[in-house]
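J.: Quick one: the structure is below, and I'll ask about it shortly.
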């Protein structure tokens with residue numbers, strides 16, 4: 001049980017900058033970047049039960065583009081934190097703080 005909880009909440013021990021690892025590129029690109037159907041596993045903070053699903057991430061780069069392979073890793077990091085009813089807003093604010101994009105749209 002302890003190992004499962006450590007795994008499901010391992011997002012607290014991960015660092016955004018280590019995950020990005022310099023994969024932030026300055027480019028003249030003005031179209032929306034979309035990564036769809038990312039598998040996600042998280043845990044409800046109220047029921048302490050895991051849930052699984054798919055997530056789609058879309059953002060407008062505004063001259064900063066994240067390497068596409070990094071987006072699922074960021075999703076996994078934030079998903080492995082307790083997720084309550086306000087999790088999508090909370091995750092969106094946290095993701096915006098990484099400064100890898102100006103806007104992020106999270107769908108759980």
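Nothing in this text is a laboratory measurement; each read-out follows from the coordinates by a stated rule. Computed from a prediction, not measured in an experiment: that's the story for all the values here. Positions of Cβ are generated from backbone atoms using ideal geometry, with glycine treated the same way; all protein chains shown enter the neighbour counts.
J.: Estimate the FRET efficiency between residue 47 and residue 17 by the formula 1/(1 + (r/R0)^6), using the beta-carbon distance for r and 22 Å for R0, to the nearest 0.05. Mind showing how you got there, number by number?
T.: Details: r = 32 Å, r/R0 = 1.46.
The value I calculate is 0.10.
J.: I would also like to ask the following. Mind checking the full-extension length gain between residue 3 and residue 37? Use 0.36 nm per residue of separation minus the Cα-Cα distance, one decimal, nm. Write out the running numbers ahead of the final one.
T.: Working: separation 34, 0.36 × 34 = 12.24 nm, distance 2.72 nm.
Length difference between fully extended and current span is 9.5 nm.
J.: Residue 10 to residue 68: extension gain in nm, 0.36 nm per residue of separation minus the Cα-Cα distance?
T.: Gain on extension, residue 10 to residue 68, equals 18.7 nm.
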